[in-house]
Amino acid sequence: MTTPASSARHPIAVFGMFLTTASAVLFLTFFFADLFGLHADNPYLGIVFFLILPGVFLLGLLLIPAGTLLARRRRRRGLPEAAWRWPSFDLNDPAARRRLAAIGVLTLVNVAIVSLAAYKGVEYMDTPAFCGRVCHTVMEPEYTAYLDGPHSRVACVACHIGPGAPFFVKAKVDGLRQVWAVAVNSYERPVPTPVRDLRPARDTCEQCHWPAKFTGDLLKTVRRYASDEANTEEATLLRLRVGGGSWRFGGPQGIHWHVSEDHRVEYVAADEEREVIPWVRLTDASGRVTVFTADPEGGDAPPPGEIRTMDCVDCHNRPSHRFAPSAARAVDEALESGVLPRNLPYVRREVVAVLEEPHPDRPTAERRIADRLTGFYESSYPELVRASDGRIAQAVAGAQRVYGHNVFPAMNVTWGTHPNHIGHDPSPGCFRCHDDEHRAPDGTTIRQDCTLCHGFE
C-alpha cells in the first residue's frame, strides 16, 4: 500500500528539493555577506544571487508537487513506483507528527526566503549599479556622467520613477522592452533624449527643489582660457537672476518665473529633441491666455505635436547626465579644476586639438592622446621632458580622462551629441523662445533681452 509521503520520492520531486535547498543556502549566504559588506562590488553577482537564485528556488518548489503528481499518475496506471522508499505518513505515529511539524516550519522558512528574495530583488533593481553597470555599453555614457554629476548620491529611480506604485509598475514593464532590445542588439545609439513619458518634475525634482521658493540672484564666474603659450585665463562674472517665488512671496520673477505655480507656460516643439519651438501659450493667474507663435500666418491654433507644460527639465534637461558641448569647453573646465596643469605651455591648444580628432574606440584614443602630447613636448620643449616634473604625465592623464568622460564611440556619443538647454551657448537653450520672433496677436514678443536673466560685473 502506498502513502502520500511515497509520492514525494519521484526523481523530479527529489531534484526540486535539491534545487530549493541549494539555492536557499546560497541565497542566504550571499544575503548575509551583502548585509555585512563582504561581497565584491560586481553588479552581475547581484543578478545571480538576487534575481536568478530566487527563480531557481521557486522552480524547485514547483518541481516538488509536480513530481508528486507524476508519481500518483504512475500508480493509477499500474506502473512500478519510484526507486526511493520513504516511511509511511501516519498521524497516529509520533514520528509522522514530527515530520508534519517540520514541513510546517520549512513552509514558513520558504515563505520568508521568497519574501526576502522578492524584496532584495526589487531593491537591487533600484540601485544605480544595476541601472548603470549591468547593460554596460548601453548605459556607460549616462552612468559615467551620473557619477560626475551633482546628483550622484541620488538613486536613478528617484528621478526616473519617483514615489508610488503606478509609475513603479510602468517602469518595470517598460524595462522588459529595454532588456529585449539589449538582448537582440536593437537598441538605439545614442540613447535618444529627451526621455519620453518621463514623470513630471513636480513629482520628482520638486520633492527636493522648490522653484516657488524665492532664491534671488546668484553669482557665477565663467573662466575661459586662450590657446597661447601661457594658457591665458579670462574670467567673466555673471549675475544670474534666478528669482522664483509666487504671489505669496511678492510675485514670481527671474528665471524661475517660467515654472511658477501662479501661471502656466505650454509649448509645442517641432522636433524630437525640443530644439525648435514654434508655438508658446501663456495662461496667467487670472486665466487670460496669450499665444506666441514664430509663424505669423499660423494663427493661435497649436501645430501638430505634444502640448507640453513647461517644467524644470525643459531647461535643466541634463541634470544628472551632463556632457561637455565641445572639446574646448571640456578642456577649459579641466584647466579650471586642476585636472590639466595650467602652467604647461600650450596645453590648452594641444589637448583641444587631439580631443577634436575622431577616434574609433577608447584604447585607440588614449594611445593617440599620449603619442600626440608627448611627441609635441619632446620636439618643442625637450627641457620639460628632461625635467620630468610630472606636468606632461598629468596632461596626458587629464586629457584621457576628459575624453573618457565625454566621448563614447560605441554609443555614437561625442561632443555636442546631447545639447544642454541651460543658457544659450552653444545650443539655443533660452533662445528657442526668447528670440524676438515669437509674437502675440497684439504685437508683444518673447524678448531676447539679456537683462531678463543676467546682470554683468
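The values are calculated or read from the model by the stated rules, or taken from the named source; none is laboratory data. No experiment lies behind these values; they were computed from the predicted model shown. Backbone-built Cβ (ideal geometry, glycine too); neighbour counts: all protein chains shown.
Within segment 122-129, can one find any residue that is within 18 Å of the chain's Cα centre (by Cα), of a type outside the set (Val, Ile, Thr) and assigned to a loop (DSSP other than H, G, I, E, B)? Lay out the reasoning, then the answer.
Initial filter on segment 122-129 (within 18 Å of the chain's Cα centre (by Cα)): 122-129.
From the residues that got through so far, the ones that are of a type outside the set (Val, Ile, Thr) too are 123-126, 128-129.
This time we only want the ones that are assigned to a loop (DSSP other than H, G, I, E, B), so: 126.
Looking through segment 122-129, at least one residue is within 18 Å of the chain's Cα centre (by Cα), of a type outside the set (Val, Ile, Thr) and assigned to a loop (DSSP other than H, G, I, E, B).
Where residues in segment 367-380 are closer than 20 Å to Ala328 by Cβ and of a type outside the set (A, V, I, L, M, F, W, C), which of them is surrounded by the fewest Cβ atoms within 10 Å (Cβ to Cβ)? Talk me through it step by step, then tell me what you get.
Within segment 367-380, the subset closer than 20 Å to Ala328 by Cβ is 368-369, 372-373, 376.
Next, from what is left, pick out any that are of a type outside the set (A, V, I, L, M, F, W, C): 368, 372.
Numbers: Arg368: 14, Arg372: 17.
Per the stated criteria, the residue is Arg368.
Please work out which residue is farthest from Tyr267 (Cα to Cα), limiting yourself to segment 294-319 and to residues that are acidic (Asp, Glu) and modelled with pLDDT under 90. Steps first, please.
As a first pass, look at segment 294-319 and keep what is acidic (Asp, Glu): 295, 297, 300, 306, 311, 314.
Applying the additional criterion that residues be modelled with pLDDT under 90 yields 295, 297, 300.
Numbers: Asp295: 14, Glu297: 18, Asp300: 12 Å.
Looking at the filtered set, the residue picked out is Glu297.
For every residue, the table says whether it meets (1) among the small types (Gly, Ala, Ser); (2) over 30 Å from Thr232 (Cβ atoms).
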site: Phe292; (1), (2): no, yes
site: Glu306; (1), (2): no, yes
site: Asp314; (1), (2): no, yes
site: Ala328; (1), (2): yes, no
site: Thr374; (1), (2): no, no
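Condition test on Thr215, is it modelled with pLDDT of 85 or more and either more than 26 Å from the chain's Cα centre (by Cα) or under 27 Å from Gly243 (Cα atoms) (or both)?
no
Take segment 135-146 and flag every residue that is surrounded by fewer than 17 Cβ atoms within 10 Å (Cβ to Cβ) and in contact with a helix residue (DSSP H, G or I) (Cβ under 8 Å, 6 or more places away or on another chain). Walk me through how you get there before you give the answer.
Narrowing segment 135-146 to residues surrounded by fewer than 17 Cβ atoms within 10 Å (Cβ to Cβ): 136-137.
Answer for segment 135-146, where residues must be surrounded by fewer than 17 Cβ atoms within 10 Å (Cβ to Cβ) and in contact with a helix residue (DSSP H, G or I) (Cβ under 8 Å, 6 or more places away or on another chain): just Thr137.
Quick check on my filter: what residues within segment 427-457 are assigned to a loop (DSSP other than H, G, I, E, B) and under 24 Å from the mean Cα position of the chain (by Cα)?
Initial filter on segment 427-457 (assigned to a loop (DSSP other than H, G, I, E, B)): 427-428, 433-438, 440-444, 446-449, 453, 457.
Result: Ser427, single match.
Pick from segment 73-130 the residues that are of a type in the set (Gly, Ala, Ser) and in contact with a helix residue (DSSP H, G or I) (Cβ under 9 Å, 6 or more places away or on another chain): which of them is modelled with the highest pLDDT?
Quick first cut of segment 73-130, residues of a type in the set (Gly, Ala, Ser) only: 78, 82-83, 88, 95-96, 101-102, 104, 112, 115, 117-118, 121, 129.
Next, from what is left, pick out any that are in contact with a helix residue (DSSP H, G or I) (Cβ under 9 Å, 6 or more places away or on another chain): 82-83, 88, 96, 117-118, 121, 129.
Numbers: Ala82: 51, Ala83: 50, Ser88: 57, Ala96: 73, Ala117: 70, Ala118: 68, Gly121: 70, Ala129: 82.
Looking at the filtered set, the residue picked out is Ala129.
Is it true that Val291 is among the hydrophobic types (A, V, I, L, M, F, W, C), in a helix (DSSP H, G or I) and more than 26 Å from the chain's Cα centre (by Cα)? Walk me through it before giving the result.
Numbers: among the hydrophobic types (A, V, I, L, M, F, W, C): yes; in a helix (DSSP H, G or I): no; more than 26 Å from the chain's Cα centre (by Cα): yes.
No; evaluated as a whole, the condition is false for this residue.
How do the pairs read when you match residues in segment 271-297 that are under 19 Å from Asp311 (Cβ atoms) and without any contact (Cβ under 8 Å) to a residue 24 or more places away in the chain with residues anywhere that are assigned to a loop (DSSP other than H, G, I, E, B) and not basic (Lys, Arg), using Cβ under 7 Å and keeping only pairs 6 or more apart or on different chains?
What qualifies is Leu282/His263; Thr283/His263; Asp284/His263.
For segment 148-163, does any single residue satisfy the condition of being modelled with pLDDT of 80 or more, outside any loop (DSSP other than H, G, I, E, B), of a type in the set (S, T, N, Q) and in contact with a helix residue (DSSP H, G or I) (Cβ under 8 Å, 6 or more places away or on another chain)?
no
Any residue in segment 300-315 that is at positive phi sitting within a Cβ distance under 9 Å of a residue that is at pLDDT 90 or above and of a type in the set (A, V, I, L, M)? List the pairs, counting only those 6 or more apart or interchain.
Gly305/Val268; Gly305/Ala269; Gly305/Ala270
Give Ala96, Ala145, Ala101 a once-over and let me know the one that is in contact with a Pro (Cβ under 9 Å, 6 or more places away or on another chain) and in a helix (DSSP H, G or I). Don't jump to the end; show me each part of the working.
Details: Ala145 fails: in contact with a Pro (Cβ under 9 Å, 6 or more places away or on another chain); Ala101 fails: in contact with a Pro (Cβ under 9 Å, 6 or more places away or on another chain).
None of the other options fit; the residue is Ala96.
Tell me which residues, restricted to segment 387-427, are among the polar types (S, T, N, Q) and at positive phi. Full working, then the answer.
Pass one, segment 387-427, residues among the polar types (S, T, N, Q): 388, 394, 400, 406, 412, 414, 417, 420, 427.
Once the filter is applied, which keeps residues that are among the polar types (S, T, N, Q) and at positive phi, segment 387-427 yields Ser388, Asn412.
How many residues, within segment 238-288, are part of a loop (DSSP other than H, G, I, E, B), buried (at least 18 other Cβ atoms within 10 Å of the Cβ) and charged (D, E, K, R)?
1
Output the residues belonging to segment 319-340 that are farther than 26 Å from Pro428 by Cα and crowded, with 18+ Cβ neighbours inside 10 Å.
Val339, Leu340
Taking segment 180-207, which residues are of a type in the set (S, T, N, Q) and surrounded by 15 or more Cβ atoms within 10 Å (Cβ to Cβ)? Let's see the steps before the verdict.
Start the filter on segment 180-207 by keeping residues that are of a type in the set (S, T, N, Q), which leaves 185-186, 193, 204, 207.
Result: Thr193, Thr204.
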